[in-house]
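In what follows, a structure is listed as structure tokens, so that the remarks can point back to it.
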Amino acid sequence: MDHKHDPEKWEPVFGEDHAQMLARRLLSGMMNYSDTSIVASTSTPFLSLENVRKTYPGVVALDGFSMEVRPGEVIGLVGENGAGKSTLMKILGGVTTPDSGTITVDGTAHKGLTVEGSLGSGIAFVHQELNLFDNLDVAANIFFGREPLRAGPFKLVDRAKLRTMVAPLLKRVGANFSADTQVATLSLAQQQMVEIAKALSIEARLVILDEPTSSLPLAETDKLLDVIKALKADGISVIFISHRLHEVERVADRVVVLRDGMLAGTLGKHDIGHDQMVKLMIGRMLKEREKASEAARAPGATALSAKAIRTPAYPGRPVDLDVRRGEILGLAGLVGSGRTELARVFFGIDSSLGGGLELDGKPLVLGSAADAVAHGIFLVPEDRKLTGILLDLSIAQNISLPNLPAHAKRSLVSASAETATAEKQKKALGIKAPSVQTRTGTLSGGNQQKVVLGKWLAMNPKVMILDEPTRGIDIGAKAEIYGLMRALADAGVAVLMISSDMEEVIGVSDRIAVMHEGQISGILDKDRFSQENVLLLAVGKQPK
Amino acid sequence: MSKKDLGLLILILVVGAIVAIINPRFLLPINLANTSNLIGLFGILSIGQAFVIITGGIELSVGSVVALLGTLFIDFIAVREVAWPLAFVLILVLGAIIGLVHGWLITRLKLQPFVVTLCGLLIYRGVARFYTADGTAGFAFGQNFPDLEFLTAGRSYGVPNSFIALIVISIVMWVVLHRSVFGRYLYAIGKNEEAAKYSGIRTGRVVMAAYVICGVLTALSAIYFAMYTRSISPASHGQFYELYAIAAAVLGGFSLRGGEGSLIGVILGTVLLQELQNLVNLLGIPSSLNFAVMGGVILIGVLVDQQWGVFRARRLMVDATRKSAAGAAAE
């Protein structure tokens, strides 16, 4: 029987009763079990969850969820924000206990785990936000709190022994740095390696990576995926949580998809594909790809132009770049290649150390972000919570902030004018919130990003710069943001999008400029778009 | 009026009632007039401080500025015989310049507010003492300024004019802080200066303006204090006044991290502080314990406020859990 091509398996099913649904899920789980030929199907699972349910006040976070992880298996765990991934992680980490269901770890059944129990049975986490002391060196981080001590009353750390203990761990994760490197000087991917080495040091049998690649540049992502393969070869299981589906595709033996707290489906090795995952995640197919592949349009006049701009990050490297009206110019490159710094100069946050800017062919001098805003140059910054919005202010207050005098009579703020503007943006952007008076801190990442966009769309953008606009945002909201960017470009706005997400850069841009160590290493037109070309330029080589 | 302010008002009334019961002299017109005069003087000072604290800054030089500008004011009108309205304006301008310099050092040269104003505290005190050669500035015998004295130390219908001045200033500053574009900028900067900058606000100018407002209000209160004491020994005049102002703001619900607090709060904070001073005098508590009483009350106040917040958050959670449990049972 050929189950794996049975479309029923990942079709969302409505109108089933609970028992039926469970039976179907269990069945589909079993079928997949035999599909994964890579791993010996006879091996007993290291971890299995059965019928786990967890509710929070007002929400069912997980409902009748079951999954298994076998030794040496890499599980891709995907789902939109709010699908229940974090709840699942909290249960596995012992931070919270489920309302019902069983968790079997290494043959022992539990009602719930404790933090110590989880650690003790060899479950280790590498979180999106890394838990490293960046003022300490690698070795000190890996064995923090468990340092080997010298004999004697002073409990001095035995540094020599520490180093010999750390060396093999670093080798296993393929680290290209030594044990006494300061963590602060490491790249993000290297820091993740330290975290993984830390997990290995406690003899982890299951490593859970939560969005490890979301802030990694392209080249470093490959390194991380290699580390995952090395773990697998050592018989260590991995749960890989990611929004970047092509990476999941590359590395996972099996993909578990969560939707609305329930198991939406499991895909065996041969079924894993971008479209299937997306279909399971959102219960329908997305149109974003078709939209992105429209023919290249005729370029408009140059709106913003950089003439030999030198940023504080790379004072010796002048940058020339034109952003044209009506186009989305993708700005790709490795993290640290100077893209954000360039955006900061365009937005008047930093001043250029030389060269000049032109807007619509006229010289432009920016003394502050206020000057840029006055000229219609807007920035949606990389760090939403730190610089994009004020979490303590309401949606309405955030949206009116850059244009407050227009919402005031005799310099007294008019609440009704503010509300009117915000309501308009809320409706236009589909911001999901009880009202425009809601504190933005309580919104999801996608909705917060829409507030940032709304604050600029309420004014008249001429040049819109978006720095990693969809980072940490779920797939549905991503598509909406792409749609908005396209609509802006169609309305004649010059859009500059900085992104480390290869799919996004290629799928959304009309042209791609690639930065390498502070300089534009090349500009690709639509007919030369390919991952390979972008990557080659990003590392400073010429494209084919 | 927020719940926090209401709680503070109730505390003031309860403490007042207790003091009045133990010592009925609390309610004598003369006592009330004296206390409200002091509330007026310290209130003006505290409003200025509040504008700086809302941006996440702090102004420690207030007491020394009161000493320096008070000394200069008396010197101008008593010794140099400058017409008092001119001297009045001159002092306010000096206050504005001090604020401008502080704001400039903090926003342009990126020095920390604590450091800048701590240096100010030392410098202005030293200059004031040097100016009078460590002597006392005061009026000659028989020297009179009837209009000025009426405006600063006089009373209308039994109410001290300093208190009336505070009310007028409070209303104006309430509108500025809670209704104006500038006020919104102040809160935004206090909450997150970076995000405010990325929203196109000229944060440097706004913060500088806050220090200028603080400087002008401090200068105004310096004149009031000078006309109240009528003689100033610059070594001790106005000492610790910055701490009174900061205490009033903290009692009134301001966060020293910035972005939080209301004008009514800082006024009520001032009222409570002066009430406590009065209490120490009226209940026969040794005046040496004055500061200890004040410190104790502020500590308890801040603690209760914080614990109340924790309690409320917990109760909300419990309520929500109960509701969802009831909902599940109903299904």
Legend entry - Within a Gaussian network of chain B (alpha carbon springs, distance under 10 Å), most fluctuating of B:SER288, B:SER180, B:SER236: B:SER288
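Average partner chain C-beta neighbours within 10 Å, per residue of A:451-458? Before the final figure, lay out the partial values.
Details: counts 0, 3, 0, 0, 2, 2, 0, 0.
Mean number of neighbouring Cβ atoms from other chains: 1.
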Inset, instruction - Report, in whole Å, the centroid distance computed from the Cα atoms of the range A:314-347 and the range B:56-135. - result: 47 Å
Legend entry - Between the range B:178-249 and the range A:420-450, the alpha-carbon center distance in angstrom: 34 Å
Inset, instruction - Please find, in a Gaussian network model of chain B (springs between Cα atoms separated by less than 10 Å), the residue of B:GLY252, B:GLY126, B:GLY200 whose mean-square fluctuation is greatest. - result: B:GLY200
Legend entry - Degrees between helix A:159-172 axis and first principal axis of chain A (Cα, 0 to 90, nearest 10): 80 degrees
Legend entry - Nearest 10 degrees, 0 to 90: helix A:445-457 Cα axis against chain A principal axis: 0 degrees
Legend entry - Set of aspartates and glutamates near A:LYS85 by C-alpha distance (under 13 Å), chain-local residues within fewer than 8 positions excluded: A:ASP63, A:ASP210, A:GLU211, A:ASP260, A:ASP474
Legend entry - Formal net charge of residues neighbouring A:LEU88 (Cβ-Cβ distance under 12 Å; K, R +1; D, E -1): +2
Inset, instruction - Collect residues whose amide H, placed 1.01 Å from N in the peptide plane, falls under 5 Å from the amide H of A:ALA433; neighbours closer than 5 in sequence don't count. - result: none
Inset, instruction - Would you mind ranking B:TRP308, B:TRP84, A:TRP456 so that the residue whose beta carbon has the fewest other beta carbons within 10 Å leads the list? - result: B:TRP308, B:TRP84, A:TRP456
Inset, instruction - Rank B:ARG314, B:ARG179, B:ARG202 by mean-square fluctuation in a GNM of chain B with C-alpha springs under 10 angstrom and give only the top-ranked residue. - result: B:ARG314
Inset, instruction - Kindly express, to the nearest 10 degrees and within the range 0 to 90, the angle between helix A:415-429's C-alpha long axis and the longest C-alpha principal axis of chain A. - result: 60 degrees
Legend entry - Cα centroid separation, the range B:1-38 to the range A:468-509 (Å): 60 Å
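Once you order the gyration tensor axes a ≥ b ≥ c over the Cα atoms, which shape class does chain B get: rounded for a/c under 1.5, otherwise prolate or oblate by comparing a/b with b/c? Working shown, then result.
Details: a/c = 2.21, a/b = 1.38, b/c = 1.60.
In terms of gyration-tensor shape, oblate.
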Inset, instruction - Label the range A:133-222 by shape, choosing from rounded, prolate and oblate, from the square roots a ≥ b ≥ c of the eigenvalues of the Cα gyration tensor; if a/c is under 1.5 it is rounded, and otherwise prolate applies when a/b is larger than b/c, oblate when it is not. - result: prolate
Inset, instruction - Would you grab the residues whose amide H sits under 5 Å from the one on A:VAL238? Only those 5+ places off in sequence or on another chain, please, with H modelled 1.01 Å from N. - result: A:GLU73, A:VAL74, A:ILE75, A:VAL207
Inset, instruction - Any of A:LYS362/A:LYS426; A:LYS427/B:LYS197; A:LYS455/A:LYS541 with alpha carbons more than 32 Å apart? Name them for me. - result: A:LYS362/A:LYS426; A:LYS455/A:LYS541
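Other chains near A:373-383: what is the mean number of their Cβ atoms within 10 Å of each residue's Cβ? Please report the intermediate quantities before stating the final value.
On the way: counts 4, 1, 0, 0, 1, 3, 3, 1, 3, 0, 3.
Per-residue shielding by partner chains comes out at 2.
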Legend entry - Taking N as its residue count, the alpha carbon Rg of the range B:1-134 over 2.2 N^0.38 Å: 1.35
Inset, instruction - Can you check how the C-alpha radius of gyration of the protein assembly as shown compares to 2.2 N^0.38 Å, as a plain ratio? - result: 1.14
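Tell me the mean residue ellipticity at 222 nm calculated for the protein assembly as shown from its helices only (DSSP H runs of n ≥ 4, each -39500 (n - 2.57), averaged over every residue, nearest 500).
On the way: 31 runs with 427 residues, N = 875.
It lands at -15500 deg cm²/dmol.
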Inset, instruction - Quick one: which residues, 5+ away or cross-chain, put their amide H under 5 Å from the amide H of A:LEU62? H built at 1.01 Å from N. - result: A:LYS54
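Given a cut-off of under 8 Å on Cα pairs at least six residues apart, what relative contact order in percent is computed for the range A:421-513? Kindly include the intermediate steps, with their values, before the conclusion.
Details: 76 pairs, mean separation 23.3, N = 93.
Relative CO of the range A:421-513 lands at 25 percent.
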Legend entry - Of the DSSP H helices in chain B, those whose Cα atoms cover at least 24 Å axially and whose Kyte score averages -0.5 or more: B:3-22, B:29-54, B:84-107, B:113-131, B:161-179, B:203-229, B:263-282, B:290-330
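Bear in mind that the values in this text are calculations on the coordinates, not laboratory data. Everything numeric in this text was worked out from a predicted model, so none of it was measured. Cβ atoms come from the backbone with ideal geometry, glycine included; neighbour counts cover every protein chain shown.
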